[in-house]
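See below for the structure under consideration.
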Amino acid sequence: MKNIGTQTLETDRLILRRFTVEDAEDAFYGWFHDDDASRYMRWKPHDNIAQTRELLLKIVADYEKADQYRWAVTLKPGNKAIGVIGFTIENEYDSVASFAYMLNKAYRNRGIISE
């Protein structure tokens, strides 16, 4: 597999782009502090925005690796992060990967993730 890293993707309604640390407020209040959003994830809800900034710093640093795929989901027009989509290659030899997403409650059930 040729890894190309997180590239910007665009659909009719969405732009999937790389995160920046400036997305911390949208991410914290949108889903990272939400018990419901994290219920099926491997992490606990964030207690404060500093935890979210720390995670975004790691995500931004990981963009240097071609096998890292993390997108901020944004609606057109605008640049507000309303969710996250991640794709992680677990074992390239066996073609095993995991896929995860979270969305701000206000944007669920609108066909965003399936788009």
Can you give me the distance in nm between label points at ASP35 and ALA61, each placed 7 Å from the Cα along the Cα-to-Cβ direction? 3.2
Only Cα pairs within less than 10 Å get springs; with that Gaussian network setup on the chain, which residue of GLU90, GLU25, GLU64 has the largest fluctuation? GLU90
What does the accessible area of VAL60 come to, in Å² to the nearest 10, when a probe of 1.4 Å is used? 50
Cα-based Rg / Dmax (Å) for the chain: 13.9, 40
Non-local Lys pairs in the chain, i.e. 8 or more apart or on different chains, that have alpha carbons under 23 Å apart: 7
Starting from the Cα of LYS44, step 7 Å along the direction of its Cβ; do the same at ASN91; then give the gap between the two resulting points in nm. 3.1
Would you mind telling me the share, in percent, of accessible area of the chain contributed by carbon and sulfur at probe 1.4 angstrom? 50
Let me check something: with ligands and nucleic acids excluded, how do HIS33, HIS46 order by accessible area (1.4 Å probe), largest to smallest? HIS33, HIS46
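The values are calculated or read from the model by the stated rules, or taken from the named source; none is laboratory data. All figures in this text were calculated on a predicted structure; none of them were measured in a lab. Positions of Cβ are generated from backbone atoms using ideal geometry, with glycine treated the same way; all protein chains shown enter the neighbour counts. When the accessible area is computed, the model is the full protein with side chains, heavy atoms only, and any ligands, DNA or RNA have been set aside. Shrake-Rupley method; radii C 1.70, N 1.55, O 1.52, S 1.80 Å.
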